[in-house]
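S.K.: Would you mind keeping the following structure in view while I ask a few things?
Readers should treat all values here as calculations from the given coordinates under stated rules, not as data from a laboratory. Just so you know, these numbers come straight off a predicted model, no measurement behind them. Here Cβ is always computed from backbone atoms with ideal geometry, including for glycine, and neighbour counts include all displayed protein chains.
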Amino acid sequence: MSNIRKNIQFLAFLPIPFSVIFGNTEKVLAEYEMSLDNRYPEKFVNEVFKNNILLNLAYLDGKVTSPKDIKWDEVTKPFKYEFKLDPNKTFAFHEDVEEKYKDSLVKTTNAHFNAQEGFKTDGYLFGDGVCHLASLINIVAQKAGLDVKAPTSHDFAQIPDIPKEYGVSIYSNPYAKGSNAQQNLYIRNNKGKPVTFRFEYQDNKVKVSILESI
């Protein structure tokens, strides 16, 4: 038997990775989910939080770019959305960022969480609930080992389903860009490969996963 035939027979018995067989080219680095049923104990306020979270996600994936695009039946439908972040590039929750991130910033949620963009209020603030979404993204990014900075904690109020140390305070005011930058979430891809941020909404739960190319 020739050496070539021996090598072919040897290779035939090597285990083939599951990911190769089924064409999977990514591995999950971290994932986490939270319910939208328990954002706040009072039903009306919970609904405001829920709608603001889903609207923020609609701005993120481009389904909504202005209030005229908002169709709540569409915003609240189950969905899946993902985007890639290349090495050394930064995702920030909104566009007012610290100086060190300006050159690497490539992605935000495309929103400012105000009435002009269609965000709702429970009588206290417009956009209540977006801090919950930012905190969900924060915990997944940290567990995935990415370079994460959340300058202002949300420790003034507990966020259900999120351990307190991962709570992030988010704020956007056109007249307070310095304060905005300090109430933001920064995630830089410090891996050698692109990573994928995946968002899924199903059964009234939002799940965030971060995957790495393999």
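S.K.: Give the residues of segment 23-60 whose amide nitrogen is closer than 19 Å to a point set 7 Å from the Cα of Lys205 in the direction of its Cβ.
M.R.: 28-40, 50-51, 53-54
S.K.: Once you place label points 7 Å from the Cα toward the Cβ at Lys80 and Asn114, how far apart are they in nm?
M.R.: Rounded to a tenth, the inter-label distance reads 3.6 nm.
S.K.: May I ask you to list, by number, the DSSP H helices of the chain whose Cα span along the axis is at least 30 Å and whose average Kyte-Doolittle hydropathy reaches 1.6 or more?
M.R.: Values: long enough: none.
Within the chain not a single helix satisfies the rule.
S.K.: Can you tell me how much longer the chain between Lys27 and Ser153 gets when fully stretched, taken as 0.36 nm per residue apart minus their C-alpha distance, in nm with one decimal?
M.R.: Numbers: separation 126, 0.36 × 126 = 45.36 nm, distance 2.99 nm.
Here the segment from Lys27 to Ser153 would lengthen by 42.4 nm.
S.K.: Looking at the square roots a ≥ b ≥ c of the eigenvalues of the Cα gyration tensor of segment 118-201, which shape do they give, rounded for a/c under 1.5, prolate if a/b is larger than b/c, or oblate?
M.R.: Working: a/c = 1.77, a/b = 1.50, b/c = 1.18.
Because a/c hits 1.5 or more and a/b exceeds b/c, segment 118-201 counts as prolate.
S.K.: Within the set Lys77/Lys207; Lys177/Lys205; Lys77/Lys191; Lys80/Lys193; Lys107/Lys149, which residue pairs have Cα atoms separated by over 24 Å?
M.R.: On the way: Lys77/Lys207 14 Å; Lys177/Lys205 32 Å; Lys77/Lys191 33 Å; Lys80/Lys193 22 Å; Lys107/Lys149 15 Å.
Distance filter (> 24 Å) returns Lys177/Lys205; Lys77/Lys191.
S.K.: So, in nm, how far is label Trp72 from label Asp103 when the simple model puts each one 7 Å beyond its Cα toward the Cβ?
M.R.: The answer from the label model is 4.6 nm.
S.K.: Further, regarding this structure: Which number comes out as Rg/Rh for segment 20-133 once both Rg and the Kirkwood Rh are worked out on C-alpha atoms? It would help to have the intermediate numbers written out before the result.
M.R.: Working: Rg = 16.1 Å, Rh = 15.9 Å.
Result: Rg/Rh = 1.01.
S.K.: HN-Hα J couplings of segment 28-37 from phi, Karplus 6.51/-1.76/1.60, θ = phi - 60°, integer Hz, Gly and Pro as x?
M.R.: Listing the rounded values in order: 7, 7, 6, 8, 7, 9, 9, 7, 9, 7 Hz.
S.K.: If I take the Cα coordinates of segment 25-213 and project them onto the principal axes, what are the three extents in Å, biggest first?
M.R.: 45, 38, 34
S.K.: Counting only helical runs of four or more DSSP H residues, what would the 222 nm mean residue ellipticity of the chain come to if each run contributes -39,500 (n - 2.57) and the total is spread over all its residues? Spell out each step's value before the answer.
M.R.: Working: 6 runs with 57 residues, N = 214.
Mean residue ellipticity at 222 nm (helix-derived): -7500 deg cm²/dmol.
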